[in-house]
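FYI, it's all coordinate maths here, none of it is from the lab. Everything quoted here is computed from the prediction, not taken from an experiment. Glycine gets a Cβ as well: all are built from the backbone with ideal geometry, and neighbour counts include every protein chain shown.
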Amino acid sequence: MAKRVAIVGAGVSGLASIKCCLEEGLEPTCFERSDDLGGLWRFTTKVCSVTKCPDFTVTGQWEVVTQHEGKQGSAIFDAVMVCTGFLTDPYLPLDSFPGINTFKGQYFHSRQYKYPSIFKDKRVLVIGMGNSGTDIAVEASHLAEKVFLSTTGGAWVISRVFDSGYPWDMVFTTRFQNMFRNSLPTPIVNWLLARKMNSWFHHANYGLVPEDRTQLRVPVLNDELPGRIITGKVLIKPSIKEVKENSVVFNNTPKEEPIDIIVFATGYTFAFPFLDESVVKVENGQASLYKYIFPAHLPKPTLAVIGLIKPLGSIIPTGETQARWVVRVLKGINKLPPQSVMIEEVNARKENKPSGFGLCYCKALQADYITYIDELLTYINAKPNLFSMLLTDPRLGLTIFFGPSTPYQFRLTGPGKWEGARNAILTQWDRTFKVTKTRSVQESPSPFASLLKLLSLLALLMAIFLIFL
């Protein structure tokens with residue numbers, strides 16, 4: 001009989017978990033509290049509790065209590081995959097804003113924002129300079145009378161259109177770039193990063209430059225913000241000193257600014273209200289999870305958390321790769337190390353000691369995208385072997401090393417291998433620019449460019465030869 005797996009949450013991680021369960025012959029049941037998206041879906045079903053069965057140390061089973069249309073029910077599952085993510089509870093720190101209770105205008109968390117029409121002819125303050133806050137400020141600036149964007153620490157802002165018009169993530173997230181960054185001391189990497197960020201526009205001139213450049217903060221993706229600032233449509237301001245009935249006072253600026261609407265783009269917190277703290281305990285924005293997935297202290301590895309991680313890369317393939325490993329652990333194909341080893345690693349990660357090289361992933365849940373996924377792929381024998389490819393299929397090997405680290409690479413070998421992966425990797429740039437090349441143009445070949453490519457190829461072949469000497 002197939003093992004029954006309860007999947008809590010039907011977001012991207014939940015959907016990937018359903019797919020991975022089905023691929024390995026498991027029987028998933030997905031619980032989703034909203035009325036949108038799911039797997040073997042039970043819409044509008046709230047998970048009230050997930051508790052160990054009395055014989056857990058033998059069976060590893062869980063009792064899942066749910067509520068649907070006011071009625072409670074329970075079922076026994078062989079395993080549980082928690083896919084609720086880290087964007088579950090809006091963080092609204094009203095206590096940090098003196099006078100907010102006297103404010104007569106409208107204020108709300110960015111999660112409640114739907115349409116920009118509410119900002120028409122209003123004076124708007126957006127607090128928080130993440131992607132949501134920046135997007136809302138830019139949208140509001142097209143309709144509002146005035147828009148203020150308040151930031152405590154600043155941020156790097158980059159365009160989705162990167163070098164030579166390529167998508168930024170396809171240029172930034174490559175194995176070559178990652179290896180290069182990780183081989184350099186952190187101060188040098190931070191200097192190079194700042195130089196690159198300022199190549200689009202000088203952040204200090206726009207009041208955006210990050211105050212703390214030692215720790216990694218994910219760049220803000222927004223193509224419009226510099227243009228809205230330079231035309232006076234968005235005004236960058238420091239943190240809030242005081243909120244009054246119809247205005248706010250910013251730190252270091254005594255002038256009161258009239259405000260009609262305040263949007264708190266202050267992020268989210270996460271919790272697992274259906275789990276007892278003895279199973280998963282959340283402290284300081286992180287949980288004690290081995291490889292961000294398994295509670296290290298459980299005698300049976302039958303509960304896993306998917307998607308509770310902030311990689312510098314796409315969360316969707318990250319969650320799927322986690323799920324691919326988890327389902328094989330649930331089936332007993334892959335084994336976890338001893339509890340003592342897992343607990344030691346979890347405690348070491350909590351200390352957040354920087355290595356001194358590469359980017360500093362010192363904040364809770366942050367991880368190096370390529371390094372982390374490669375580690376999980378190693379466990380299921382699905383990591384691409386670059387050295388072997390350079391000998392047997394050099395075109396593919398070079399494309400994987402220097403090209404975008406797209407999820408096709410994770411399907412070249414191992415469980416879930418896809419025969420079309422190689423061709424997909426070699427033709428990914430064709431698909432990328434198919435939507436932009438809507439007019440055919442003739443590019444005259446450059447002799448210098450051809451010579452440069454030839455010299456580069458010779459240099460690569462020499463490097464490969466030296467590696468295998």
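Some points to look at:
- Summed side-chain charge close to Glu256 - residues other than Glu256 whose Cβ falls under 12 Å, Lys, Arg +1, Asp, Glu -1: +1
- Charge context of Gly9, other residues only, Cβ under 10 angstrom, K/R +1, D/E -1: 0
- For the chain, projected area of the alpha-carbon convex hull averaged over all directions, nm²: 27.6 nm²
- By average C-beta atoms within 10 angstrom, highest first, the peptides 428-434, 108-114: 108-114, 428-434
- Distances between placed amide hydrogens fall under 5 Å for Gln366 paired with Lys310, all partners being 5 or more residues away or on another chain.
- With a cut-off of 11 Å between beta carbons, the residues surrounding Arg160 carry a summed charge of -3, where Lys and Arg count +1 and Asp and Glu -1.
- Tail beyond 25 Å, pair distance distribution of the range 290-402 (Cα, percent): 30 percent
- Put simply, the amide H of Ile7, placed in the peptide plane, has neighbours under 5 Å in Thr29, Cys30, Phe31, Met81, leaving out anything fewer than 5 places away on its chain.
- Tail beyond 25 Å, pair distance distribution of the range 1-132 (Cα, percent): 46 percent
- CD proxy at 222 nm, helix term only [per DSSP H run n ≥ 4: -39500 (n - 2.57); per residue of the chain; nearest 500]: -9000 deg cm²/dmol
- Dimensions in Å of the range 358-403 - Rg and Dmax from alpha carbons: 13.5, 41
- Length-normalised contact order for the chain - Cα pairs under 8 Å, 6+ apart - percent: 17 percent
- Summary of the geometry: the range 323-351 and the range 236-263, compared by the centres of their Cα atoms, lie 48 Å apart.
- Along the range 125-139 the Karplus relation, 6.51 cos²θ - 1.76 cosθ + 1.60 evaluated at θ = phi - 60°, assigns HN-Hα couplings of 10, 10, 9, x, 10, x, 5, 5, x, 5, 4, 5, 4, 5, 4 Hz to successive residues, with x for each Gly and Pro.
- Cα-only Debye scattering, the range 307-373: base-10 log of I(q)/I(0) at q = 0.12, 0.22 Å⁻¹: -0.38, -1.12
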